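K.L.:
Sharing a structure here in structure tokens format.
The values are calculated or read from the model by the stated rules, or taken from the named source; none is laboratory data. These numbers come from a predicted model, not from an experiment. Here the Cβ is made from the backbone with ideal geometry for all residues, glycine too, and neighbour counts use every protein chain on show. Surface accessibility is based on the protein's heavy atoms, side chains included, excluding ligands, DNA and RNA. Shrake-Rupley method; radii C 1.70, N 1.55, O 1.52, S 1.80 Å.
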Amino acid sequence: SITSHRNSEEMTNQLVLSMNKALKEFRQEHGTLPSKIIFYRDGVSEDQTHFLLETEVASLHKSLEKHYQTAEQDLHFVFVLVNKRINTRIFKLDKNPRPGTIVDDVITMPERYDFFLVSQSVRQGTVSPTSYSVIHDSLRLPPDKLQLLTYKMCHLYYNWSGTTRVPAVCQYAHKLAFLVGEHLHQIPSFDMKNKLYFL
């Protein structure tokens, strides 16, 4: 789903509209709302986290609660910030750590639920982990389950046989936004909504 922005801002107040479209599509396909929603949000810096929590997450949660109360279902919702523009580097003795390495203690913030994930194999230079911060969680998955799911999501990018640095849904969103913003300059045809034309 595409929403237009007037300038290069990364925050949006139209996230609720996109989520409503996704819920409508899911309900048409499956006859019910999803039992669990895990939302990966890319493109936000550390200093914007508090603002994001008060705006995007609050409005999204409020809208989801209305849908789930109407459908008489329980809402289980996780909002995860994905940040690949970080300076942290992780070593295992004198080598890069293996893909799938997760660090969720000592170098993470004690007051937050966050972790670092190395999802790719790098043969030259130092591997850059991706930082994940769970800023809203009503699903209460054990941390190792969410971490494993996140790592497996890095294997699902359709156009690449290896792993991506971020979960496939983030990579898809980035590719779609780049195509529309740089080349199309308009919202694509509604008939294309379920096709990976932007890869």
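K.L.:
I'd like to check something: does region 170-186 contain any residue that is touching a helix residue (DSSP H, G or I) at 6+ places or on another chain (Cβ under 6 Å) and either modelled with pLDDT under 90 or hydrophobic (A, V, I, L, M, F, W, C) (or both)?
P.N.:
no
K.L.:
Yes or no: Val103 under 22 Å from the mean Cα position of the chain (by Cα) and in contact (Cβ under 8 Å) with a residue 60 or more places away in the chain?
P.N.:
no
K.L.:
Being out of contact with any strand residue (DSSP E or B) (no Cβ under 6 Å at 6 or more places or on another chain), open to solvent by 40 Å² or more (accessible area, probe 1.4 Å), of a type outside the set (Gly, Ala, Ser) and modelled with pLDDT of 90 or more, is that true of even one residue in region 86-98?
P.N.:
Yes: one or more hits.
K.L.:
Quick one: which residue in Val127, Val180, Val166 is within 15 Å of Lys84 (Cα to Cα) and either over 12 Å from the mean Cα position of the chain (by Cα) or open to solvent by 40 Å² or more (accessible area, probe 1.4 Å) (or both)?
P.N.:
So the residue among Val127, Val180, Val166 that is within 15 Å of Lys84 (Cα to Cα) and either over 12 Å from the mean Cα position of the chain (by Cα) or open to solvent by 40 Å² or more (accessible area, probe 1.4 Å) (or both) is Val127.
K.L.:
Considering each residue of region 141-170, count those that are assigned to a helix (DSSP H, G or I) and out of contact with any strand residue (DSSP E or B) (no Cβ under 9 Å at 6 or more places or on another chain), and give that number.
P.N.:
Selection size over region 141-170: 3.
K.L.:
Considering each residue of region 112-140, count those that are over 17 Å from Gln171 (Cβ atoms) and not in a loop (DSSP other than H, G, I, E, B), and give that number.
P.N.:
Within region 112-140, residues that are over 17 Å from Gln171 (Cβ atoms) and not in a loop (DSSP other than H, G, I, E, B) number 9.
K.L.:
Here's something else I'd like to know. Condition first: open to solvent by 30 Å² or more (accessible area, probe 1.4 Å) and under 26 Å from Leu196 (Cβ atoms). Now tell me which residues in region 130-163 satisfy that.
P.N.:
Passing the criteria: Leu148, Leu149, Tyr151, Lys152, Met153, His155, Leu156, Tyr158, Asn159, Trp160, Ser161.
K.L.:
Restricted to region 63-73, and to residues that are touching a residue at least 24 places away in the same chain (Cβ under 8 Å) and within 20 Å of Asp137 (Cα to Cα), which residue is surrounded by the most Cβ atoms within 10 Å (Cβ to Cβ)?
P.N.:
Filtering first and then ranking leaves Leu64.
K.L.:
Considering only residues of region 33-58 that are open to solvent by less than 60 Å² (accessible area, probe 1.4 Å) and among the hydroxyl-bearing types (Ser, Thr, Tyr), which is modelled with the lowest pLDDT?
P.N.:
Per the criteria, the residue is Ser45.
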